[in-house]
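Right, one structure below, let's go through it.
The values are calculated or read from the model by the stated rules, or taken from the named source; none is laboratory data. Being a predicted model, the structure only gives us computed values, none of them experimental. Note: ideal-geometry Cβ built from the backbone for every residue, glycine included; neighbour counts use all protein chains shown. These accessible areas exclude ligands, DNA and RNA; they are computed on the full protein's heavy atoms, side chains included. Shrake-Rupley method; radii C 1.70, N 1.55, O 1.52, S 1.80 Å.
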Amino acid sequence: MTEDNGTADGSGDPGESPPTSRSPEPLDLQQQRERLAVQVNIILQGVSGAAVHPADSLDNMQFHYQQDRILVRDEDLARVRAVVPGEVVDPLVNGLNVFAPKNVAALDALDELDSVLGVGVATPDHIFHVASPIASCCPATEPDPVVSAVPDPPVANDPAVGRGALVAVVDTGYIPSLDDPAHNWLAGVTGDDEHYDPNDIGPYVGHGTFVAGVVRSMAPGAEVRVEGLLTQGGAVTESEILRGLTKAMDLMPDVISMSAGCTTRHNLPPLAFEVLWERRLRHYKGTVLVVAAGNSATRQPFWPAAYEWTVSVGALDRFGDRAWFSNFGSWVDVYALGVDMVNAHPNGTYHYREPPRIGETSEFSNGMARWSGTSFSTPVVSGMIAARMSRTGHSARHAADDILRIAQANATPGVGPIADPSLTFSP
C-alpha cells in the first residue's frame, strides 16, 4: 500500500509527520513475559472472581475466565444439572444462562461435562479485554504524548461525511471534558462517562474516547455513542458484554465498533456471541459488527473477530506492511493503519507499567496521544463504513461489503486485503 496521510476522501492536512521507523519495535522474549504478567494482574484485579488458565505458566496461558461460573444454553440446562449440580445465578437473555456449579470449580465442572455430554455443551464465562490473555491485544503499546494537536489519520474535510450513520463504540467509556473547541471532531459524541484521576491516569483510560475520535476522523458527520462496558481495568466478563451489546443494539446502530476480545477454551466460539448472533444480530440485516483482530502476532482465533459474520480488522504499519504485533490468518478480513495513531487522550500524569518503559512517567497536556494497536485500526474501518454509507446511500452491511471488495482488490501479497481511506469512495 502506498501511504496516504489524507482524509477519508484523500485530501487534508496530515499534521504532525509520523515517525520514519517501523515503530513500535517488537519486545524481546523477557519483555513479553514481563508485559504479560502486568496485563494479567490488571485483569485479575479488575474483575472479581477472574482466573487464568493454566494458572502456573504464563508462557502457556490460554484464556481468562470466571472461576466459579459457566455458561449454559437454555435447552441444555436439564442435562447439565444431571451431571453437575448447581443453579442458575443469572438468566442473561433468552437462550443463555450463567450457571454456578455446586462445590466444584468451573474448569473441573467443564471437564466433567465434556466427558459425559461432549465438548462445548457448556463453556467458561470468559473475560474479554482490551489487552489479550496471550501476548498483548489492544492496545499494542502504552500511550505517548505528542506535540501536535492534529489527529492522524486527519479529519475528513467534508463535515457531512458519515452523516446519517450511527456508530456504537463498545469500549471503556467516554471522557466528555475532551469535547471542547480544541477537539472539534468530537463535538456531539455521547456515551457513558469514564472517570479517571489526572494525577495517575490508569491503564487503558481514554481508550474509548481515542477510538471514538478515530471513527470521527474518518466520518465527522456520523453519530457516535460510546458504551462503557470495559470499565474494570479494560476488562469485562463474557456474560456482561452480552448484556451490554444487547443494550447497545436497542439503539439500532448501523455499525458496532468493538476493540476487545479473547481467546477461548479449546478455541471454541464463545457461547454469548453464538446466542447474540442467533437471537439478535442476524435479524438486524443492516447492522455490522467490526472487531479488532488482536495483537498477539498469531493466527490463533481471537473472538469475536474470528466469526465469519463479523468484520475483523488487523493492523498495518506506516509502510503498508502488517504490524509486527497484529494477529493474522484466514479469519482476518482486512488490515488498516494501526501504528502511531494520534487522537484525543485525557490530560494528566501517566505512569508506565509495561516494558520497555516500566517506571517512566509522561505528562499529557494537550489532550492528545500517540497509540498503536488493532484497537485503533478497527475504528478506521468502522468510520470508513459510515463514510461510505453517507456517500452511496448503502446500508452498513452493503457499505462494509463494498469496503471489503475494494480492500481485496487492493490486497498486498504477504499481508492481505488493505483498507485505504483514500479508496473509500471508489466505484
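All of Gly320, Gly329, Gly359 fail the test of being surrounded by fewer than 24 Cβ atoms within 10 Å (Cβ to Cβ), in a loop (DSSP other than H, G, I, E, B), modelled with pLDDT under 95 and on the phi > 0 side of the Ramachandran plot, apart from Gly359. Each residue in the range 297-317 was checked for being open to solvent by 20 Å² or more (accessible area, probe 1.4 Å) and more than 19 Å from Ala407 (Cα to Cα), and 6 pass. Residues in the range 201-218 that are in a loop (DSSP other than H, G, I, E, B) and open to solvent by 10 Å² or more (accessible area, probe 1.4 Å): Gly202, Pro203, Tyr204, Val205. Within the range 362-398, the set of residues being part of a loop (DSSP other than H, G, I, E, B) and either touching a Phe, Trp or Tyr at 6+ places or on another chain (Cβ under 6 Å) or among the hydroxyl-bearing types (Ser, Thr, Tyr) (or both) comprises Ser365, Ser372, Ser395.
Quick one: is Val98 within 19 Å of Cys262 (Cβ to Cβ), touching a strand residue (DSSP E or B) at 6+ places or on another chain (Cβ under 7 Å) and at pLDDT 95 or above? It is true that Val98 is within 19 Å of Cys262 (Cβ to Cβ), touching a strand residue (DSSP E or B) at 6+ places or on another chain (Cβ under 7 Å) and at pLDDT 95 or above.
Checked against (1) modelled with pLDDT under 75; (2) open to solvent by less than 60 Å² (accessible area, probe 1.4 Å), Thr20 meets all criteria but (2). Given the condition acidic (Asp, Glu) and either touching a helix residue (DSSP H, G or I) at 6+ places or on another chain (Cβ under 7 Å) or closer than 28 Å to Trp185 by Cβ (or both), answer yes or no: does some residue in the range 299-313 qualify? No; the residues of the range 299-313 include none that is acidic (Asp, Glu) and either touching a helix residue (DSSP H, G or I) at 6+ places or on another chain (Cβ under 7 Å) or closer than 28 Å to Trp185 by Cβ (or both). The conditions of being in contact (Cβ under 8 Å) with a residue 60 or more places away in the chain and open to solvent by 10 Å² or more (accessible area, probe 1.4 Å) are met by Leu337. Against the list (1) part of a strand (DSSP E or B); (2) over 21 Å from His398 (Cβ atoms); (3) of a type in the set (Ser, Thr, Tyr), the condition Thr298 fails is (1). Residues that are crowded, with 24+ Cβ neighbours inside 10 Å and touching a His at 6+ places or on another chain (Cβ under 7 Å) within the range 377-404 comprise just one, Arg388. Please find, within the range 62-78, the residue that is surrounded by the most Cβ atoms within 10 Å (Cβ to Cβ) out of those that are of a type in the set (D, E, K, R) and out of contact with any Gly (no Cβ under 7 Å at 6 or more places or on another chain). Looking at the filtered set, the residue picked out is Arg69.
Condition check: on the phi < 0 side of the Ramachandran plot, open to solvent by less than 10 Å² (accessible area, probe 1.4 Å) and either in contact with a strand residue (DSSP E or B) (Cβ under 8 Å, 6 or more places away or on another chain) or not hydrophobic (A, V, I, L, M, F, W, C) (or both). Does Leu268 satisfy that? So Leu268 fails the test. Take the conditions among the aliphatic types (A, V, I, L, M), crowded, with 24+ Cβ neighbours inside 10 Å and in contact with a helix residue (DSSP H, G or I) (Cβ under 9 Å, 6 or more places away or on another chain) and apply them to Ala140. Does it pass? Considered against the rule, which asks whether it is among the aliphatic types (A, V, I, L, M), crowded, with 24+ Cβ neighbours inside 10 Å and in contact with a helix residue (DSSP H, G or I) (Cβ under 9 Å, 6 or more places away or on another chain), Ala140 comes out as yes. If you go through the range 277-295 and keep only what is open to solvent by 20 Å² or more (accessible area, probe 1.4 Å) and either touching a residue at least 12 places away in the same chain (Cβ under 8 Å) or hydroxyl-bearing (Ser, Thr, Tyr) (or both), you end up with Trp277, Glu278, Arg279, Arg280, Arg282, Tyr284, Lys285, Gly286. Of all residues in the range 36-72, those that are over 20 Å from Pro355 (Cβ atoms) and modelled with pLDDT of 75 or more total 19. Can you find even one residue in the range 261-270 that is under 19 Å from Val93 (Cα atoms), over 14 Å from the mean Cα position of the chain (by Cα) and at pLDDT 95 or above? Checking the range 261-270: at least one residue is under 19 Å from Val93 (Cα atoms), over 14 Å from the mean Cα position of the chain (by Cα) and at pLDDT 95 or above. Filtered by the rule that a residue be touching a residue at least 60 places away in the same chain (Cβ under 8 Å) and among the small types (Gly, Ala, Ser), the range 340-360 gives Ala344, Gly348. Within the set Glu75, Glu87, Glu112, the sole residue that is assigned to a strand (DSSP E or B), of a type in the set (D, E, K, R), over 30 Å from Arg225 (Cα atoms) and at pLDDT 95 or above turns out to be Glu87.
Total residues in the range 157-200 satisfying the condition of being open to solvent by less than 10 Å² (accessible area, probe 1.4 Å), in a loop (DSSP other than H, G, I, E, B) and touching a residue at least 60 places away in the same chain (Cβ under 8 Å): the figure is 5. Within the range 33-57, residues that are under 17 Å from Gln67 (Cα atoms) and in a loop (DSSP other than H, G, I, E, B) reach partners that are at pLDDT below 80 and open to solvent by 30 Å² or more (accessible area, probe 1.4 Å) with beta carbons closer than 7 Å, at six or more positions or on different chains, in the pairs Val47/Gln232; Pro54/Asn60. I want to confirm something. Restricting to the range 221-235 and keeping residues that are in a loop (DSSP other than H, G, I, E, B) and either aromatic (Phe, Trp, Tyr) or over 15 Å from Ala165 (Cβ atoms) (or both), which single residue is modelled with the lowest pLDDT? My answer is Gly233.
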